[in-house]
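Down below is the structure, laid out as structure tokens.
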Amino acid sequence: MVGRSSIQRLTRSGVDAGLAGVDAQRVVLINSLALLGILITLFLLAVGVSTGGGTTLFVNNLVAIGVLGLVLWLHARRRYWGAAVTVSSVVIVATITPSILGEGGAGNGGFLIVNALLPFLIFPIRHGGTAATLSAISVISYALLTHYDASRFTYQEMMALNTTLLQSNYVGLVIVMLFIGLFMRRIALEADAGAEAERARAELLLHDVLPAAVADEMIAGGRASARRHGDASVLFANIENFASIAGGLTPVEQVKLLDGLYREYDELCQRRGVEKIKSFGDVYMVASGLGASTGEHAERLTAFALELIAVTQAFARERGRELPVRIGIHSGPVVAGVIGRTRFTYDLWGDTVNTAQRMEANGVPGRVQVSFVTYSKINHRYRCELRDVIEIKGKVPMQTYLVQDALARGVA
């Protein structure tokens, strides 16, 4: 257990709170390759000694081990670029040096093939030039080393020359390739898991801001078509004279006040099963009947409106302020849809929306005003007070009603 924890500490050398995601994975990969390189080099060193390898080969392997240890030292001091350059460079130098000095066997360039790909894994995109340079050096070195081997040995000599050491090199190469493959698979799996978590969060966010059917359509196709709803109810709520009420507050305090109030409204929307459409300034817009209609959308929205007044009054008392809220409701056909591609907005259109806004604008603070259409849908459950016919801007005079309370068999 102690040995395993020590290895984990070494592989995570240089990884701290300021390093996360792919950058942290790169550091772990480089540290792991350095440790694996030390083990393989020790193995090759032992094979070289047992097969009578020359002094140059022995010294070369010892230097390689020391340089690989330097990689861990550099990471411990947060010198990430230097560590990445070192781990790639040591492969090049350790592979070609024995041949240059005349003690290398044939076929030792396999590590250079892997090293041609390695820089693109261990360097971030911003260091793409460095990665490309080291990769090119590896490719050129492999070509030159292969040509050099071909000029020194015949095919039969290359097959017979230092067979044990050559096989050991191949074993080490396979181990490195398998390690890199498994490590990259682990990174890919983690990336897939992260992408899936992000997708789930995005879907959850869409369901928070859009009706379920619209959110599902957006998730499936990336957009949602506009839909006509033949019968729905729309509510507007507005804090009367909010600018005067909040006149003594800073802009930040005004935003905090509205945010606290609208959070209460949002929770009430969820409890009452109605859809928040949007809020703009001190206006809050809600609708009912946009989903699978039960034919009781007007009653549901009226119950919501009465409770909204109570919530607003309680919120205002807690803060020692007056927040007189006017509410207006109208029922009828609407068109609902999502507009825009970025920062899209779900909204409603149609005369029903305009009339509902007029019901609010001509309403009474602390009361719920409804149109005759809405009244005809709720009068069997709510007592309503008849108002005089009022002039509605842009429309013919309309008969409206103020909701008083629920009848004994009203909606709970």
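Tabulated results
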quantity	calculated
Filter pass, Ala314 being at pLDDT 90 or above and either assigned by TED's automatic domain parsing to the domain that holds Ala246 or within 17 Å of Asn238 (Cβ to Cβ) (or both)	yes
Test: residue in region 287-298 that is assigned by TED's automatic domain parsing to the domain that holds Leu386, assigned to a helix (DSSP H, G or I) and touching a helix residue (DSSP H, G or I) at 6+ places or on another chain (Cβ under 9 Å)	yes
Per-region count, region 388-401, residues at pLDDT 80 or above and buried (at least 16 other Cβ atoms within 10 Å of the Cβ)	3
Flag if Leu36 is in a helix (DSSP H, G or I), within 21 Å of Leu182 (Cβ to Cβ), in the same structural domain as Ser88 (by TED's automatic domain parsing) and modelled with pLDDT of 80 or more	yes
Only listed residue being among the hydroxyl-bearing types (Ser, Thr, Tyr) and over 45 Å from the mean Cα position of the chain (by Cα), chosen from Thr374, Thr400	Thr400
Qualifying positions in region 346-395 - in a strand (DSSP E or B), acidic (Asp, Glu) and in contact with a strand residue (DSSP E or B) (Cβ under 6 Å, 6 or more places away or on another chain)	Glu385
Every pair of residues 6+ apart whose Cβ atoms lie under 7 Å, when the first sits in region 75-100 and is within 22 Å of Ser151 (Cβ to Cβ) and in the same structural domain as Val15 (by TED's automatic domain parsing) while the second is among the hydrophobic types (A, V, I, L, M, F, W, C) and at pLDDT below 90	Ile92/Leu112; Ala94/Ala64; Thr95/Phe111; Thr95/Leu112; Ile96/Leu145; Pro98/Leu57; Ser99/Leu145
Count - residues of region 17-49 that are free of Cβ contacts under 8 Å to residues at least 12 places away in the same chain and of a type outside the set (A, V, I, L, M, F, W, C)	2
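The values are calculated or read from the model by the stated rules, or taken from the named source; none is laboratory data. Because the structure is a prediction, the values reported are computed rather than measured. For neighbour counting, all protein chains shown are included, and Cβ atoms are generated from backbone atoms with ideal geometry for every residue, glycine included.
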